[in-house]
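Enquirer: After the structure tokens below, expect a handful of questions from me.
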Amino acid sequence: MVVSTRDDLKVGLDPAPGSGPVEWRISQGLVPYEAALALMEARANGIAAGSASELVWLLAHPPLYTAGTSAKPGQLIEARFPVYSAGRGGQFTYHGPGQRVAYVLLDLKRRRPDVRRFVATLEEWIIRTLAALEVTGERREDRIGVWVRRPHKGAGREDKIAAIGVRIKRWVTLHGIALNVDCDLSHYAGIVPCGVSEPRYGVTSLADLGVATTLAEIDALLQREFAQLFGPVDRSHAAAESLVPSLPANALS
């Protein structure tokens, strides 16, 4: 699975003519990870069969670590939180409160069966969302995710602000992105995030960068920039809690 792309790759994956809008849902609480995996699997099957619409689901999880298909045991330094096998590409990552996760379930057959272009468009989605907050996010050829330069920390220092991990099943995409808004960055100490262990590369968040924002503002920006890259969305459905129950927003386990 391609998880990093060159800057010269094209971006944008418009739906086929006549396609309906992408269903857009937001969970306000903390969604248990196993429930999210089950929902994604069932929904992807429905999309592939033509019985369900495409879906973008914005949510947050309780603190946990997930292991992608390339994760190595030595990259789990300390299992401070539950560890789940995610089934997506990539290695270990962290999810928790103050992080906006976006699960993106699209049918690439209806758009363009090009995984590299899909990943590049996810990157562009994050980069444009950050730009609206006057934060310069960049992609890298040799490292996963979206990065920001931190020259005040030293020459060549960069921090990752957003992770990308995807799975493709019958040309339907699962998983997606995780953008650090105002999460506890010390929780990353239990893993080698995405297998990147060089000391000059760390993790950051919008709050760590001094950007004051809210999840509601981030959600609005994500919706606006998504529509520019992937096509119209539909928010007229019932609350996301009808998909799976969520925990209270202040739950920590």
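Enquirer: Per DSSP H run of at least 4 residues, take -39500 (n - 2.57); add these up for the chain, divide by its residues and hand me the 222 nm value, nearest 500 deg cm²/dmol.
Expert: -6500 deg cm²/dmol
Enquirer: What percent antiparallel are the DSSP beta bridges of the chain, to the nearest 5?
Expert: In the chain, approximately 70 percent of DSSP beta bridges are antiparallel ones.
Enquirer: While we're on this one: Each residue of region 172-185 in order: what ³J(HN,Hα) in whole Hz does its phi give by Karplus 6.51 cos²θ - 1.76 cosθ + 1.60, θ = phi - 60°, with x for Gly and Pro?
Expert: Using θ = phi - 60°, the values come out as 9, 8, 10, 6, x, 10, 9, 9, 7, 9, 8, 9, 7, 5 Hz.
Enquirer: Compute the accessible area per residue over the chain, keeping the other protein chains in place, probe 1.4 Å, unit Å².
Expert: Counting only protein heavy atoms, the per-residue value for the chain is 42 Å².
Enquirer: Given a 1.4 Å probe and every protein chain left where it sits, what share in percent of the accessible area of the chain is carbon and sulfur?
Expert: So the carbon and sulfur contribution to the accessible surface is 52 percent.
Enquirer: Next up: Which loop GluC sites (Glu not before Pro) in region 120-164, with loop taken from DSSP, have no more than 13 other Cβ atoms within 10 angstrom of their Cβ?
Expert: Loop-located and lightly packed - Glu134, Glu141.
Enquirer: Shifting gears a bit: Roughly how big is the chain's charge dipole about its Cα centre, with Cβ charges of +1 (Lys, Arg) and -1 (Asp, Glu), in debye to the nearest 20?
Expert: Dipole about the Cα centre, nearest 20: 620 debye.
Enquirer: Would you please calculate the Kirkwood hydrodynamic radius of region 145-193 over all C-alpha pairs and express it in Å, rounded to one decimal?
Expert: Taking every pair of different Cα atoms in region 145-193, averaging 1/r and inverting gives 13.0 Å.
Enquirer: For region 108-156, restrict the atom set to alpha-carbon positions and state the Rg and Dmax in Å.
Expert: Answer for region 108-156, Rg first and Dmax second: 13.6, 46 Å.
Enquirer: Let me ask something additional. So how do 112-120, 170-178 stack up, highest first, on mean other-Cβ count within 10 Å?
Expert: Descending packing order for the listed peptides: 170-178, 112-120.
Enquirer: Is the shape of region 51-119 rounded, prolate or oblate, going by the alpha carbon gyration tensor and its root eigenvalues a ≥ b ≥ c, with a/c under 1.5 for rounded and a/b larger than b/c for prolate?
Expert: Oblate shape, in that a/c is at least 1.5 and b/c is the bigger or equal ratio.
Enquirer: Can you give the Kirkwood hydrodynamic radius of region 1-158 from its Cα pairs, in Å with one decimal?
Expert: With all distinct Cα pairs of region 1-158 included, I get 17.5 Å.
Enquirer: Further question: Provide the packing ranking of 26-39, 203-216, i.e. peptides ordered by the mean count of other C-beta atoms within 10 Å per residue, highest first.
Expert: Ranked from most to least packed, the peptides come out as 26-39, 203-216.
The values are calculated or read from the model by the stated rules, or taken from the named source; none is laboratory data. It should be emphasised that the depicted structure is a prediction, and the values quoted were computed from it without experimental measurement. Backbone-built Cβ (ideal geometry, glycine too); neighbour counts: all protein chains shown. Ligands, DNA and RNA are excluded from the accessible area calculation, which covers all protein heavy atoms including side chains. Shrake-Rupley method; radii C 1.70, N 1.55, O 1.52, S 1.80 Å.
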